[in-house]
Amino acid sequence: MDAHSNGVEMAKVYGSILIVEKNLSGVDLKKSSFTNHNVGETATRSHEICAMSWNNDSENQILLGLTNGIVKTFDVTKKEFVGEQSHSVGNGKLKGLFKWNSAIVTCMDSGLLQIWKDHENSTDVKVGSHVSAVRQNPVCPSQVGTGGQKNDLKLWDLNRPEEPTFRAKNVPNDFLDLQVPIWVCDLGFLPSQGSQSRIVVGTGYHKVRLYDTKAQRRPVLNFDFGESPISALAVTDYENVVIVGNTVGTMGIIDLRKGQLKGHYKGFAGGIRCISCLDKQQMVVSCGLDKFLRVHHLHDRKLLHKNTKHANRGDTADLSNRSSERGARGEDSEDEDDDIWDKMEVVTTGSKRKAIEKSETWVN
């Protein structure tokens, strides 16, 4: 299963699921337990995890990219951090992190893609500004897809990164002869296609687009998914089936052969941030803004598991401190609040003001 960068990340690990949302957490679905694996001694923004990827083919180690440019290695069998590297990734937010041969590849939202052969020296590539999506082809690891706002889909060969091997061409102008806006929010490589892949793209303008690099530069399929920006997308082992989610909590399974929505996955209460498919288990795992982890069956779309991140001891202590402070202030604080509200002038609209004036006149 792929682990990629989408704000909230997931990776299937030996019956558990690792989730990244600024920090690293593990969920055991059988025990319904939640474990935090702190990245730093203090939870600061510099220790926020922005991207993750497998470190090897055996999938027993995960690379975690932090805001401050540090890349940490987490061993999922030992359940501890076993390595750390520091890279000068520049300004902006880390959007992509993955391993290619012995090199580590990073990509910032500014469009700076860097191939790190060691800790200090890198090959820098500009992939366009406002990058929202960076994905590595699991079949051909040297191939990378990028895209973003006003930055259409491009494919890159890391062996020769000077120029993209494929540049997508925008769809024709609309009926007013205006250019259709471009915003690539997520993308995925469809399986069993080799280096000349078919790529599916989800846009910020609720479009799902399918590109066949052998056929043409424009999408061979272009259709709507709901009316809100697409925020997450995941391919499956089935060549023509993808899972798509948007910012209002709608997630559906799509058949790309006909461009049809086969059905919805239910139970969401907020925007979807990340989707991953566990094809061997026939499951779809998703995370959203409501901080719930949901596991659905891939085909019948039933909700199998639902877990949330409970408050840790630090959060509980913080809440108890606030309660004790409020208790120490006592009733005097509440009386002060009441006085403030009593002194505030009541604002009324025209119809209500006339009714009040009439009632006052009748009383007098």
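The values are calculated or read from the model by the stated rules, or taken from the named source; none is laboratory data. Given the structure is predicted, the values throughout are model-derived calculations rather than measurements. Positions of Cβ are backbone-derived with ideal geometry, glycine not excepted, and every protein chain shown enters the neighbour counts. In case anyone asks, the SASA skips ligands and DNA or RNA and just uses the protein heavy atoms, side chains included. Shrake-Rupley method; radii C 1.70, N 1.55, O 1.52, S 1.80 Å.
Observations
- Strands (runs of 3 or more DSSP E) contained in region 169-271 and holding at least 1 residues touching a strand residue (DSSP E or B) at 6+ places or on another chain (Cβ under 8 Å) and open to solvent by less than 10 Å² (accessible area, probe 1.4 Å): 184-189, 198-203, 207-212, 230-235, 241-246, 251-255, 260-265
- In region 253-260, the condition of being under 21 Å from Asp28 (Cβ atoms) and either over 17 Å from the mean Cα position of the chain (by Cα) or at pLDDT 85 or above (or both) is met by no residue.
- In region 69-111, the residues that are of a type in the set (Phe, Trp, Tyr) and touching a Ser or Thr at 6+ places or on another chain (Cβ under 6 Å): Phe98
- Listed by position, the strands (runs of 3 or more DSSP E) enclosed by region 79-141 that each have at least 2 residues that are farther than 25 Å from Val235 by Cβ and among the charged types (D, E, K, R) are 80-86, 122-126.
- For region 127-143, filtering for residues that are free of Cβ contacts under 8 Å to residues at least 40 places away in the same chain and touching a Phe, Trp or Tyr at 6+ places or on another chain (Cβ under 9 Å) leaves 2.
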